[in-house]
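The values are calculated or read from the model by the stated rules, or taken from the named source; none is laboratory data. All values derive from a computational prediction rather than experimental measurement. Note: ideal-geometry Cβ built from the backbone for every residue, glycine included; neighbour counts use all protein chains shown.
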Amino acid sequence: MNNRPILGVLLGNSAGVGPELVAKLAVQDIYKAYCRPVIIGDLRMFERGLQVIGGDVPYYPINDLSECDWERGYPVLDLKNQDPSLVPFGEAVQYCGKSDLDQMDTAIELCKAGKIEGFVFGPFHKGAMKMAGMHVESEHTYLADKFGVTSPFGEINMMDDLMTVRVTSHIPLKEVSENLTEETLREAITLGEITGESFGIRPRIAVAALNPHCGEFGLCGREEVDILAPTVEKVVAETGWDLTGPYSADTLFIRALNHGEFDVVVTLFHDQGQIALKLVGFERCITVAGGQPYPVATCAHGTAFDKVGTGSATTTSFERAVKAASKMALAKRTK
């Protein structure tokens with residue numbers, strides 16, 4: 001147990017299923033297989049999570065991580081910022097969004113101080129965080145700003161051992177081609193490489209094509225000929241990375257998922273990889289904060305406002321997030 005990494009486990013948005021997920025893994029005694037957890041959030045929200053699922057575990061509040069003793073039970077760094085009477089089930093409110101930001105800020109500072117080695121978080125609510133003053137696009141940009149990250153960073157979607165990284169994300173499909181450049185492709189490839197390395201592997205990276213049949217040598221679109229193939233060749237020549245492509249997207253994921261040929265797939269727009277991963281194993285998908293200096297992961301689903309308070313939310317994705325963050329923390333130690 002003493003060799004396992006110390007990870008923060010953030011309760012997530014108080015109005016969502018995060019507290020229930022954190023509590024379920026505690027009741028099932030899952031954490032000890034991967035890490036030494038420090039639960040971060042309001043103690044009353046953790047207690048409410050236990051109440052919802054009808055479970056109980058030994059736990060105790062702490063004010064500093066020097067008080068952690070995992071033989072006693074689960075330490076809870078109590079932020080004392082969520083009055084249960086002000087927290088509705090299944091609603092996006094500023095009060096809970098502020099707690100999301102407080103949890104992240106606390107975990108970031110603990111990482112910087114060397115008191116935790118990374119963290120996982122229950123689902124946050126982006127809209128509530130923006131109500132509470134988050135003025136950037138997502139938690140990934142928020143993390144990068146707080147950690148001072150300037151190199152490529154962003155959301156990595158992962159199912160089992162396969163990672164996907166996107167060149168473009170939340171833009172209309174009609175704008176994908178104009179945003180597909182050597183620079184944006186290089187950034188995505190680099191993010192895939194450094195995230196693979198954060199798991200302690202030299203990743204095998206494949207780049208997806210944009211057009212049907214990989215563009216048919218320019219007869220069905222020029223992006224493969226003009227941008228994708230030349231950039232792949234340049235990056236390989238410059239870095240020696242295990243990088244190939246472009247490959248037709250309609251067969252690439254068969255090779256990646258069924259035959260295990262690749263560790264990372266670089267996709268060109270949001271749904272190109274999301275559909276494949278979620279169709280094959282939605283509950284097994286997680287999100288990794290790629291490019292950050294510390295391991296950060298979460299489940300791929302959101303706050304599940306339609307399920308909160310019922311105890312019916314499944315824990316598969318959240319457990320895999322804990323496993324991934326722990327693996328990254330151990331790889332970082334070795335590196």
Original post:
Going by the conditions given, is residue 269 touching a Ser or Thr at 6+ places or on another chain (Cβ under 9 Å), of a type in the set (Phe, Trp, Tyr) and surrounded by fewer than 21 Cβ atoms within 10 Å (Cβ to Cβ)?
Top reply: no
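Of all residues being of a type outside the set (Lys, Arg) and out of contact with any Asp or Glu (no Cβ under 8 Å at 6 or more places or on another chain) in region 45-56, which is nearest to residue 15 (Cα to Cα)? Just the residue, please.
45
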**OP:** Give 168, 184 a once-over and let me know the one that is without any contact (Cβ under 8 Å) to a residue 60 or more places away in the chain, of a type outside the set (Asp, Glu) and closer than 17 Å to residue 264 by Cβ.
**Re:** 184
Original post:
Does residue 216 fit the bill of being of a type in the set (D, E, K, R), on the phi < 0 side of the Ramachandran plot and not assigned by TED's automatic domain parsing to the domain that holds residue 124?
Top reply: no
Subject >> Scope region 283-313; condition more than 17 Å from the chain's Cα centre (by Cα) and hydroxyl-bearing (Ser, Thr, Tyr); matching residues >> reply: 310, 312
Original post:
Has region 314-322 got at least one residue that is among the β-branched types (Val, Ile, Thr), buried (at least 24 other Cβ atoms within 10 Å of the Cβ) and in contact with a Phe, Trp or Tyr (Cβ under 8 Å, 6 or more places away or on another chain)?
Top reply: yes
Original post:
Considering region 23-54 alone, what residues qualify as being under 16 Å from residue 102 (Cβ atoms), among the aliphatic types (A, V, I, L, M) and assigned to a helix (DSSP H, G or I)?
Top reply: 43, 45
**OP:** For residue 261, indicate whether it is at pLDDT 95 or above, in contact with a helix residue (DSSP H, G or I) (Cβ under 6 Å, 6 or more places away or on another chain) and of a type in the set (D, E, K, R).
**Re:** yes
**OP:** Would you tally the residues in region 74-91 being under 15 Å from residue 40 (Cα atoms) and either polar (S, T, N, Q) or surrounded by fewer than 16 Cβ atoms within 10 Å (Cβ to Cβ) (or both)?
**Re:** 3
**OP:** Of the numbered conditions (1) assigned to a helix (DSSP H, G or I); (2) among the hydroxyl-bearing types (Ser, Thr, Tyr); (3) in contact with a Pro (Cβ under 6 Å, 6 or more places away or on another chain), residue 303 fails exactly one; give the number of that condition.
**Re:** (1)
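From 280, 296, which residue is modelled with pLDDT under 95, β-branched (Val, Ile, Thr) and touching a strand residue (DSSP E or B) at 6+ places or on another chain (Cβ under 9 Å)?
280
Please indicate, with yes or no, whether at least one residue in region 80-101 is assigned to a loop (DSSP other than H, G, I, E, B) and either closer than 21 Å to residue 294 by Cβ or in contact with a strand residue (DSSP E or B) (Cβ under 7 Å, 6 or more places away or on another chain) (or both). Can you show your working first?
Narrowing region 80-101 to residues assigned to a loop (DSSP other than H, G, I, E, B): 80-83, 87-93.
Among the residues that remain, those that are also either closer than 21 Å to residue 294 by Cβ or in contact with a strand residue (DSSP E or B) (Cβ under 7 Å, 6 or more places away or on another chain) (or both) are: none.
No, region 80-101 has no match at all.
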**OP:** Select from region 93-107 the residues that are surrounded by 24 or more Cβ atoms within 10 Å (Cβ to Cβ) and closer than 15 Å to residue 130 by Cβ and list them in ascending order.
**Re:** 96, 97, 99, 100
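Need a quick list: helices (runs of 4 or more DSSP H) entirely within region 113-231 having at least 3 residues that are out of contact with any His (no Cβ under 9 Å at 6 or more places or on another chain) and buried (at least 21 other Cβ atoms within 10 Å of the Cβ). Spell out how you get there, then give the answer.
Values: elements: 126-131, 139-147, 182-198.
Here the list reads 139-147, 182-198.
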Original post:
Got at least one residue in region 239-249 being modelled with pLDDT of 95 or more and assigned to a helix (DSSP H, G or I)?
Top reply: yes
Original post:
Which residue, of 314, 303, is free of Cβ contacts under 8 Å to residues at least 40 places away in the same chain, assigned by TED's automatic domain parsing to the domain that holds residue 128 and β-branched (Val, Ile, Thr)?
Top reply: 314
